[in-house]
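FYI, it's all coordinate maths here, none of it is from the lab. Computed from a predicted structure; not experimentally measured. So basically every Cβ, Gly included, is an ideal-geometry build from the backbone, and we count neighbours across all protein chains shown.
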Amino acid sequence: MKPPPFDYSRPTSLDEALGLLAELGADGKVLAGGQSLVPLLSMRLAAPHHLVDINRLDELAYVRSSPDGVRVGAVARHADVESDVAAARVQPLLGRALRLVAHPTIRNRGTTVGSLVHADPAAEMPAVLVLLGGSVRVVSAGGSREVAAADFFIGPLESALEPGEVAVEAFFPALPDGASVSVVEVSRRHGDYAVCGVCAVRDGERARVAFLSMAPTPFVLDVSDALREGGLDGVRDLVVTSVDPEPDIHASADYRRHLAGVLTVRALREAAA
Amino acid sequence: MTRLTVNGVPHTVDVAPRRLLSDCLRHDLGLTGTHVGCEHGVCGACTVLLDGRPVRSCLLLAVSVDGQEITTVEGLADSDELSPVQQAFEDCHGLQCGFCTPGFLTTITAGLRENPDPSEDEAREMIAGNLCRCTGYQNIVAAVLRAAELSS
C-alpha cells in the first residue's frame, strides 16, 4: 500500500506547470487534491512517471460567481466551493451535491475540478456538470480550449484531457429563474460512492435528470414528455426502460434499475416542493 | 528537503516524493500517535490537521505539504493536561482499543472549532468519516457533546 517511485515537481505558476507537462508528454500526470490519485498510486493501479503537483498554483484557487454561473478554479477545494454563499445562490445544485461527496475531511483536500478530470461514473460532480450543460477550460503550452461537459467524459475514469493539458476551470451554468434542483442517492454507507444517484433540474413541466453509477459516463434523460403525459408514474416507467446499469459487488443491475426509478420520482418531488 | 511544522515544532526531512505524510510523521519524525488503518482514505485513523483543517495524512504526499503547519494527536494537549476532547473521551468511555482514537480526536477538535455547540445529529455527522470497530459510536457521540460542554 505504498506508491511506486515517481519523479515530482511542484511548480509555482501555471506557465511553469504547462512547460513541464509539455516536456513530459504522456509521462506527466497532474496532482491536485490527490484524494483519488493517491489511493490509486498506493494500490498500484496507477504508476505515472512524473507527478506535477499543482497545489501551489494559488492563481487557480478561486470560486467566482456571476449571474451566468459559477467558475471553479483547478485548486479550489470541494469544501471551499460547498461553503461559498454566492455560488450557492447562483447554482444551488453544486453545494447540495458536494455535501454527498465522500466526507468533510476528504472535501477539505479534494478539488472539484480534479473530481471532474478523474471522471468516475459514480461521482457526483461529473453528473452535475453534464446535467447543467457546463464546460471545462483546458489549457496546454500550445493554447486553450473549452470542452463542453457532454464531450468531456469519454468513459469510466477517462476524460477528454490530452497529455500536456491541465483542466484549469470548470463552469457550472446558473439556475434559470423559476427552476429548482435536487439530488438524491442511495449508498451502502454514509459517504460511500452511490449505488445509484439522481440529480434533477425541474422548471414547471420541464424536467431533466442525470444519473450517477448507472452508465460508463453520466447519463442524462429529459423526462419532460413523460412527466406531462404520465405524471411521476410515467417518469418512473420511462426511467426503468431507459437505464441499462451494470451489476457489481454492491448491487445487481435490477436493483440499480429499480433505484433509478424510485430515486428519480423522489428527486422530482423534492425539486417541486 | 521538505520543511514541516508539526505541533509548532519546525522539522526538515529528506524524503522521497512517494513518502506519504502518515509515514513521514510516524517513521521520519517518530510521531507514532497518528495511526495508519486502511491507507486509502476510508477509515480516518490517520486524520491530522493541515493548517487547522482535518485531512487524511495517508492521502497526502509529505513533499506536497512542504512549509505547512500540521497538528497531530500529540499536539492536542497543553503540557500534561488533556484537551477537552481527550478529557471527554475519558469521561464518556469513548474508546476501547484506541486504534481509531487519534483520528477521532483530531477530527472532533477541528469540528468543534467550526461548530462549538453541535446537536446529536451534527455530532454524528462530524464523525461520519471515521470508523471505529469497538464502541458502536454511542460513546463517541456522547464524547463529542461532552467535549462541547467542557469547551464552553
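Per residue, the convex hull spanned by the Cα atoms of region A:1-80 amounts to 110 cubic angstrom.
When the convex hull of the Cα atoms of region B:84-151 is projected onto a plane and the area is averaged over all directions, what value comes out in nm²?
Numbers: hull surface 14.6 nm².
Over every viewing direction, the Cα hull of region B:84-151 projects on average to 3.6 nm².
A Förster radius of 56 Å combined with the Cβ-Cβ distance from B:D51 to A:D254 puts the calculated FRET efficiency at roughly 0.75. When the convex hull of its Cα atoms is viewed from all sides, chain B shows a mean projected area of 8.3 nm². So what is the 222 nm mean residue ellipticity for chain B from helices alone, if each DSSP H run of at least 4 adds -39500 (n - 2.57) and you divide by all residues, rounding to the nearest 500 deg cm²/dmol? Calculated at 222 nm, the ellipticity per residue is -9000 deg cm²/dmol.
For region A:218-273, count the residues as N, evaluate 2.2 N^0.38 Å, and divide the Cα radius of gyration by that value, please. Intermediate values should be presented prior to the final figure.
Values: Rg = 11.7 Å, N = 56, 2.2 N^0.38 = 10.2 Å.
For region A:218-273, the normalised Cα radius of gyration is 1.15.
Across region B:131-146, coupling constants 3J(HN,Hα) worked out from phi with the 6.51/-1.76/1.60 Karplus curve, θ = phi - 60°, read 9, 10, 9, 9, 7, x, 6, 4, 6, 6, 4, 4, 5, 4, 5, 5 Hz, and Gly and Pro carry x. Between A:A215 and B:H11, the modelled labels are 4.9 nm apart [label points 7 Å from Cα along Cα→Cβ]. With the convex hull of the Cα atoms taken as the outline of the protein assembly as shown, the averaged projected area works out to 20.7 nm². Working note: Karplus 6.51/-1.76/1.60 with θ = phi - 60° gives region B:100-115 the couplings 7, 4, x, x, 5, 4, 5, 4, 6, 4, 6, x, 6, 5, 7, 9 Hz, where Gly and Pro are set to x. Using just its DSSP H runs of length 4 or more, each adding -39500 (n - 2.57), chain A gives a mean residue ellipticity at 222 nm of -10000 deg cm²/dmol after division by all residues.
Distance between the pseudo-spin-label points of A:Y62 and B:C97 (7 Å out from Cα toward the beta carbon): 4.9 nm.
Counting other Cβ atoms within 10 Å, which chymotrypsin sites (Phe, Trp or Tyr not before Pro) in region A:206-273 have at most 12 and lie in a DSSP loop? Could the numbers behind the result be given before it?
On the way: sites: A:F211, A:F219, A:Y255; in loops: none.
Filter output for region A:206-273: empty list.
Per residue, the average separation of C-alpha pairs within less than 8 Å and at least 6 apart gives chain A a relative contact order of 15 percent.
Each of A:R266, A:R228 was scored by other Cβ atoms within 10 Å of its Cβ. Listed from fewest to most, they are A:R228, A:R266.
Contour minus end-to-end for A:S83 and A:A148, with contour as 0.36 nm per residue of separation and end-to-end as the Cα-Cα distance?
That works out to 20.8 nm of additional length.
The simple Förster model, with R0 at 25 Å and r as the Cβ-Cβ distance, assigns A:D225 and A:E246 a FRET efficiency of 0.40.
The overall shape of region A:169-248 is oblate: from the C-alpha gyration tensor, with semi-axes ordered a ≥ b ≥ c, the ratio a/c is 1.5 or greater and a/b is no larger than b/c. For region B:69-74, the Karplus equation 6.51 cos²θ - 1.76 cosθ + 1.60, evaluated at θ = phi - 60°, returns couplings of 9, 10, 10, 9, 4, 5 Hz by residue, with Gly and Pro reported as x.
Quick one: divide the alpha-carbon radius of gyration of region A:58-173 by 2.2 N^0.38 Å and tell me what you get. Walk me through the intermediate numbers first.
On the way: Rg = 12.9 Å, N = 116, 2.2 N^0.38 = 13.4 Å.
Here the Cα radius of gyration is 0.96 times the empirical estimate.
What's the center-to-center distance, using Cα atoms, between region B:87-147 and region B:1-70 in Å? Here the two parts' Cα centres lie 22 Å apart.
Derived from the Cα gyration tensor, the three semi-axes of the equivalent ellipsoid of region A:7-53 are 20, 12, 7 Å, largest first.
For region A:137-211, just say rounded, prolate or oblate: build the C-alpha gyration tensor, square-root its eigenvalues into a ≥ b ≥ c, call rounded for a/c under 1.5, and beyond that prolate if a/b exceeds b/c, oblate if not. Don't skip to the answer; put the middle values down first.
Working: a/c = 2.87, a/b = 1.46, b/c = 1.96.
It comes out oblate by the Cα gyration axes.
Kirkwood hydrodynamic radius computed over region B:2-75 comes to 11.8 Å, based on all pairs of distinct alpha carbons.
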